[in-house]
Every structure is written in C-alpha cells, then in structure tokens.
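Here's the structure we're looking at; comments come further down.
None of the figures in this text is laboratory data; all of them are computed from the coordinates on show. All values derive from a computational prediction rather than experimental measurement. Cβ sites come from the backbone with ideal geometry, for glycine too, and all protein chains shown count toward neighbours.
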Amino acid sequence: MIKFENVSMIYEPKQQNAALRDVNIEINRGEFAFLVGESGSGKSTFLSLILREKRSTEGAVYVAGQNLNRIPSWRVPKLRRDIGFVFQDFRLLRERSVFDNVAFALEVIGAPRAQIRERVPEALKLVGLEDKARRKPTELSGGEQQRVGIARAIVNKPSILLADEPTGNLDRKNSLDVMNVLDRINQNGTTVLMATHAHELVSDYKRRVIELSKGKIIRDETSGSYMPMTTVIKQDGSRELHFGTSEDVAAKETGQDAPAQDSSETKDGEQ
C-alpha cells in the first residue's frame, strides 16, 4: 500500500542533515501504524511525501503501486482523493455547519448532491456526531471538532488515512474518543498512519510503531509502545524491563537526565 525504497529528502544540496535519509519501509493495506519521534525527526516530511506535496531527493515512494516521483502534477489531485488527511488544528469552516464542513470535501471534487446526501450522514455516524450535523464548529468541544475533521477526511472513502498529531490539542478523554474513531475506521479496512507524540496512546493501543530519529528509521515494531523496552540484567542475574533505550536506562542508573520527550497532553477547553 505504502512503500519507501531508499528514500532521502534533502532540502538544501549542501545540507549535512537530511530530513529523511535512506528510508526503507512498507506499510501494508489495512494496517494501523504510529509514526513517532522527536520534533524535527522527519515525521512531517514522511507524510508530505505520501501526499506527493514534495518529491523525494533520492529513492522512490510508492502508494498503491504507483511511483509518486513519476506521477505528473496534473494527476496528483486524483491520487489525493484516495488519501484522507487529519490535521492537528482541525481547519474547519467556522461559519458553516458540521454537515457543510464534511460535505465540502465532496463538493470540491464535483460529487453529485445525491452522493453528498448519502455519504455525509454515513461519515458523521461513524464518528458519533450524527446528532450534531446542524451545529457550528464553535458549538462543539475540541474533541468533537476533531471528529468532524476525521469525518471530512473519510467521507470520500479513501483507502489511506494520514493523521498528523490528531490528539495534540486534546485532553486525555477527547484523545481516547478520537483514537476509538480511528480504530473503527481501521477496522473497516482503511490503512491508518498516525504521527504523534502521545506517549500513553501509543503504549495503550499496541499497534505497529515506526520511530524516526534525525531522518532515519531506528525502530519498527509490530506491536510496540512509545518508548522501546530494554532488558536490564542485574548483578544477581535477574532481569528487569525498563522503558527506553539502553542509553536512556544507563543515564537513569547514573543519575543523569535522559533526552526529554515531547508530550501531547495539553488541555482542550470545552466551547
């Protein structure tokens, strides 16, 4: 479904540190994967290449068997119709109703009114907002606004859903609501790739974890946590599991600070 072959992305020819360097990975149809890593690790660049917002400097990016570097610009809009995208900051039309916000994704591609009347209620039901269709975004909580954004992303029934920090502005409860929606969408067969800093969500959901650091993939686990688990062998021969890399654990043992991780647990005020 999504495949990176020897992909590098260098924005400046003389730049030492590439946004992505020699990335090789494949995400299969129907998978749910978390994309994690510190700020600046390459997550946003990774997603932008799948959307063909940019072409990779080296290597090839494939989506549904198509080499995106070889697709002419005029074909990119058609490609993107099969990819839904969820933003951290919702990006809703504040003066239009929930129904109209979701319908907008179909209107811009010229969908007939009959299809809009059928698909918008379906999408709103899937995200649990069928009773809020006539509300304005300003009348909803942050979590509900994000679910409107998800409905808009899936109303065209894409085979891939990309989510860039979808819980970054939400509290724990609303974050779980959004995750449950994404989980239902994935169970319906949609491939979901979610970039996130949300430690607890990644560890709770136990899905595939792809970790980037300085543009390179340093970890790919089929059922992982936000931080890797390291086995420490004690002096008496017993074993203990600790969150973090061996370097993180060693730093804790010596009393030094391990590298800080970002958190997404910011509050989301009710409207």
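Rounded to whole numbers, the Karplus 3J(HN,Hα) couplings from phi for the stretch 169-180 are 9, 10, 7, 4, 4, 5, 4, 5, 4, 5, 5, 5 Hz, using 6.51 cos²θ - 1.76 cosθ + 1.60 with θ = phi - 60°, and x at Gly and Pro. Among rounded, prolate and oblate, which fits the stretch 164-222 when a ≥ b ≥ c are the square roots of the eigenvalues of its C-alpha gyration tensor, a/c under 1.5 means rounded, and a/b larger than b/c means prolate? Verdict is oblate for the stretch 164-222. Put the Cα centre of the stretch 134-163 next to the Cα centre of the stretch 15-78 and the gap is 24 Å.
Ranked by the mean number of other Cβ atoms within 10 Å of their residues, highest first, the peptides 139-150, 88-99 fall in the order 139-150, 88-99. Across the cross-link table entries Lys78/Lys214; Lys173/Lys206; Lys132/Lys173; Lys132/Lys157, which are compared at the Cα atoms, the separations over 24 Å belong to Lys78/Lys214. Remark: the Cα gyration tensor places the stretch 18-63 in the oblate category, a/c being 1.5 or greater and a/b not exceeding b/c. With the highest mean first, a sort of the peptides 214-226, 155-167 on other beta-carbon atoms found within 10 angstrom per residue produces 155-167, 214-226. The eigenvalues of the Cα gyration tensor, multiplied by 5 and square-rooted, give the stretch 1-156 an equivalent ellipsoid with semi-axes of 33, 18, 14 Å from largest to smallest.
Summarising the strand pairing of the stretch 2-228, around 50 percent of its internal DSSP beta bridges are antiparallel. Packing, as the average of other Cβ atoms within 10 Å across residues, places the peptides 118-131, 59-72 in the order 118-131, 59-72, highest first. Rounded, prolate or oblate, given the Cα gyration tensor of the stretch 81-199, with a/c below 1.5 counting as rounded? Since a/c reaches 1.5 but b/c is at least a/b, the shape of the stretch 81-199 is classed as oblate.
The Cβ shell under 13 Å around Leu47 holds other residues with a net charge of +1, Lys and Arg each +1, Asp and Glu each -1.
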